[in-house]
Each structure stands twice: as C-alpha cells, then as structure tokens.
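Read-outs throughout are calculated quantities, based only on the coordinates presented, and are distinct from any laboratory measurement. Predicted model, so just to flag it, every value in this text is computed and none were measured. Cβ placement follows ideal geometry from the backbone for every residue including glycine, while neighbour counts extend to all protein chains displayed.
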Amino acid sequence: RWLVEFFRELKRLNPDKKTRLHLDTNATILTRDYIDELIEAGVTDIGPDLKALTLETFQKVTGIMDKELARRYLETAWDAVRYLVNEYYPKKVFVGIGIPYNKAFYPDLDEFS
C-alpha cells in the first residue's frame, strides 16, 4: 500500500521520537488491518472526517448514489473510529474526529444529538 510506504519513508527521514505524523482521512477504506499497518509505519495522529450518522445523509454529503457502496464506506469509517479509540487512543495514537457541518444537510443537528 503506497500510503504505508509513504509514512515509513517519512519516519525514516525523521526518526526523532517527538515527531508527529498525521493522517487526515475520510476513513472510508480505513480497515482494521490498514490502521495497524499505518501505525506500525509511524503514524501518530489520525483525523477521521466522518460525514454522517445515517446512510441518507452520507449519500447527500458525499454524492455517492450507489447505496451499497455508500453503506460500506459509512460503516467502514465508523468502524475505523471505534477501532482506533478502543485499541490505540490515547496511548499510541491521537485521534481527532472531524464532523463537517453544512446547514443544508444538518438543519437542526438532530442527527448528532
């Protein structure tokens, strides 16, 4: 996986233990084994950008009309967050979760209550 190799190379170029290597991601393909590989490669901070809680909102925000693909991406992203928080946070990896806001998609924010 090219991203794993990219972070390995960044870590090699800067072996300082205080160096922070951040991955900003929509997390839609961030499977558990991929997370493990990235952390082994040197990633210290991961910022998943979650698009929605529901499939309908996820499809609106992302523009993905294929319902099964959208469902898979949505579930993978949320599973990635659960895995990161349960297995790595806060000792091994800093996790900063982003939730984009657009009033057209979240008019009363009930979805996130």
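Here are some notes:
- Helices (runs of 4 or more DSSP H) (entirely within the range 1-86) containing at least 2 residues that are within 16 Å of ILE99 (Cβ to Cβ) and β-branched (Val, Ile, Thr): 55-62
- Number of the exception - ASP36 against (1) closer than 26 Å to LEU10 by Cβ; (2) touching a strand residue (DSSP E or B) at 6+ places or on another chain (Cβ under 8 Å): (2)
- Restricting GLU5, GLU37 to residues that are exposed (fewer than 14 other Cβ atoms within 10 Å of the Cβ), in contact with a helix residue (DSSP H, G or I) (Cβ under 9 Å, 6 or more places away or on another chain) and not aromatic (Phe, Trp, Tyr) narrows the list to GLU5.
- Close pairs (7 angstrom Cβ cut-off, 6 or more residues apart or separate chains): surrounded by 10 or more Cβ atoms within 10 Å (Cβ to Cβ) in the range 9-20, part of a helix (DSSP H, G or I) anywhere: LYS11/ALA41
- Qualifying residue in the range 2-24 (condition: in contact with a Lys or Arg (Cβ under 7 Å, 6 or more places away or on another chain) and of a type in the set (Ser, Thr, Tyr)): no
- Qualifying position, being touching a residue at least 12 places away in the same chain (Cβ under 8 Å) and loosely packed, with under 15 Cβ neighbours inside 10 Å, among LYS91, LYS67: LYS67
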